[in-house]
Amino acid sequence: MGPENTRGIGRYIEELVRAMLLSEPDNRYVLIVRKPDHPFKNHPSVETLVADIQWYGLAEQFKMSEIFRQAKADLVHVPHWNVPIFYRGPLVITIHDLLLRHFPMSAKTSTRSWPTRAMKRLLYRVVVANAVSHSTRILVPTEFGKRDLESFYPSAKGKVVVSGEGMPDIEVRGTRYEVRGTTPFLLYVGSAYPHKGLEDLLAAWPKIRGLHPELKLKIAGEKDVFMRRVMSRAESDGLTGIDFLGRVSDEELSDLYSSVSCLVFPSHFEGFGLPPLEALSHGCPVISSDAACLPEVLGKNGAIYFRAGDSDGIIAAVENVLAHPENARQTARQAAAELALRHSWKNSAEKTLRCYRAALKNLQL
């Protein structure tokens with residue numbers, strides 16, 4: 001959580017804590033953080049416990065149990081599956097998805113030697129199974145996530161709660177990337193992990209570019225080993241009109257959403273999917289795959305859908321938006337208003353707090 005971790009789980013933690021503090025400020029909240037500088041450090045209801053321990057490593061497994069005990073909490077909430085296997089205190093967890101059960105190569109571990117990969121995958125399964133077994137309540141963001149979790153771990157039935165997430169609220173700060181009247185572009189936001197489907201978009205790009213020579217494709221995402229592979233492929237295939245922006249700030253992302261023709265989200269698997277919601281909150285049309293939870297999260301009118309993995313479907317959806325740009329933006333704005341009522345951090349916080357109370361009640365029986 002904090003300035004360096006504004007995406008994914010980092011944003012989930014920050015928005016959830018903020019909403020819980022507004023909903024029930026009289027609780028005592030202890031935040032276990034790697035750095036003392038965080039958004040809630042001066043809040044009167046918040047105490048800070050610093051534990052600069054790398055995520056997903058052996059040190060986390062062996063040291064965090066003692067850190068949890070130091071917090072002297074009635075209940076510990078681990079906002080992911082990486083619960084220390086030796087911790088046996090009162091526990092609520094959030095499992096955002098089981099991505100690595102579906103796409104084991106969508107992790108940086110996949111770039112390591114095969115013995116390391118095999119060991120990491122085994123440990124992942126052990127840690128997740130332990131977390132599911134010893135938690136009193138398990139929070140998931142979607143009904144899809146609940147079904148998926150219970151299919152892999154039938155013992156979770158009866159303690160899984162769909163707590164949801166909130167509609168992103170990224171402040172619009174102007175348009176650094178002005179395109180209206182100049183150069184229109186498509187936008188991809190996210191990593192280049194294999195499950196994200198970026199390869200599908202690149203496969204569709206030559207035909208899209210051929211139909212619209214003036215169109216550009218901007219790709220916003222960290223230039224890690226996976227993104228560098230995509231960049232190399234684009235270069236070797238002679239693809240033109242693509243800008244790899246690297247990691248962008250929230251302000252830059254807001255500028256992009258405000259001026260892009262549409263966001264393309266070709267993912268094959270998501271636990272929730274924040275980028276399409278971020279785009280819609282700026283009135284940006286969304287083209288999305290129909291994979292996993294995406295139709296549930298975005299709703300019928302939140303995106304123009306195509307079948308996951310279908311490059312021709314991407315092309316057809318892009319043509320639809322470019323042929324009717326104003327209609328697409330109007331639909332996006334209407335969808336955003338409807339989705340803001342469904343996806344609320346306030347509601348998510350209240351459901352989470354009810355789970356805390358239910359978990360404590362179970363423990364007292």
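Look at region 62-81 and say how many of its residues are surrounded by fewer than 19 Cβ atoms within 10 Å (Cβ to Cβ) and assigned to a loop (DSSP other than H, G, I, E, B).
Total meeting the criteria: 5.
Any idea which of (1) in a helix (DSSP H, G or I); (2) at pLDDT below 95 is the one Leu201 doesn't satisfy?
Single failed check for Leu201: (2).
Looking at (1) among the aliphatic types (A, V, I, L, M); (2) part of a helix (DSSP H, G or I); (3) in the same structural domain as Leu217 (by TED's automatic domain parsing), which is the only condition Ile287 fails?
So Ile287 meets the others, but not (2).
For His134, work out the one condition from (1) crowded, with 19+ Cβ neighbours inside 10 Å; (2) touching a Leu at 6+ places or on another chain (Cβ under 7 Å) it doesn't fulfil.
Failing condition for His134: (1).
Which one of these does Ser288 not meet: (1) in contact with an Asp or Glu (Cβ under 8 Å, 6 or more places away or on another chain); (2) under 17 Å from His195 (Cα atoms)?
Just one mismatch for Ser288, condition (1).
Against the definition (aromatic (Phe, Trp, Tyr), surrounded by fewer than 18 Cβ atoms within 10 Å (Cβ to Cβ) and in the same structural domain as Lys120 (by TED's automatic domain parsing)), how does Tyr56 come out, yes or no?
Here the answer is yes, as Tyr56 does meet what is asked.
Could you tell me which residue of region 240-262 is surrounded by the most Cβ atoms within 10 Å (Cβ to Cβ), considering only residues that are closer than 14 Å to Leu202 by Cα and in contact with a helix residue (DSSP H, G or I) (Cβ under 6 Å, 6 or more places away or on another chain)?
Ile242
Do we have Lys300 as without any contact (Cβ under 8 Å) to a residue 24 or more places away in the chain and part of a loop (DSSP other than H, G, I, E, B) here?
It is true that Lys300 is without any contact (Cβ under 8 Å) to a residue 24 or more places away in the chain and part of a loop (DSSP other than H, G, I, E, B).
Applying the selection to region 144-155, what residues are more than 16 Å from the chain's Cα centre (by Cα) and either in contact (Cβ under 8 Å) with a residue 40 or more places away in the chain or buried (at least 22 other Cβ atoms within 10 Å of the Cβ) (or both)?
Asp148, Leu149, Phe152
Check off (1) among the charged types (D, E, K, R); (2) within 30 Å of Ile95 (Cβ to Cβ); (3) assigned to a helix (DSSP H, G or I) for Asp255 and give me the number that stays unchecked.
Result: Asp255 passes all but (2).
Scan region 113-143 residue by residue and report those that are without any contact (Cβ under 8 Å) to a residue 24 or more places away in the chain and not basic (Lys, Arg).
Ser113, Trp114, Pro115, Thr116, Ala118, Met119, Leu122, Leu123, Ser133 - these are the residues of region 113-143 that are without any contact (Cβ under 8 Å) to a residue 24 or more places away in the chain and not basic (Lys, Arg).
Answer yes if at least one residue in region 256-270 is without any contact (Cβ under 8 Å) to a residue 60 or more places away in the chain, in contact with a Pro (Cβ under 9 Å, 6 or more places away or on another chain) and under 30 Å from Arg18 (Cβ atoms), and no otherwise.
No, region 256-270 contains no residue that is without any contact (Cβ under 8 Å) to a residue 60 or more places away in the chain, in contact with a Pro (Cβ under 9 Å, 6 or more places away or on another chain) and under 30 Å from Arg18 (Cβ atoms).
The values are calculated or read from the model by the stated rules, or taken from the named source; none is laboratory data. Remember, it's a predicted structure, so these values are computed and weren't measured experimentally. Here the Cβ is made from the backbone with ideal geometry for all residues, glycine too, and neighbour counts use every protein chain on show.
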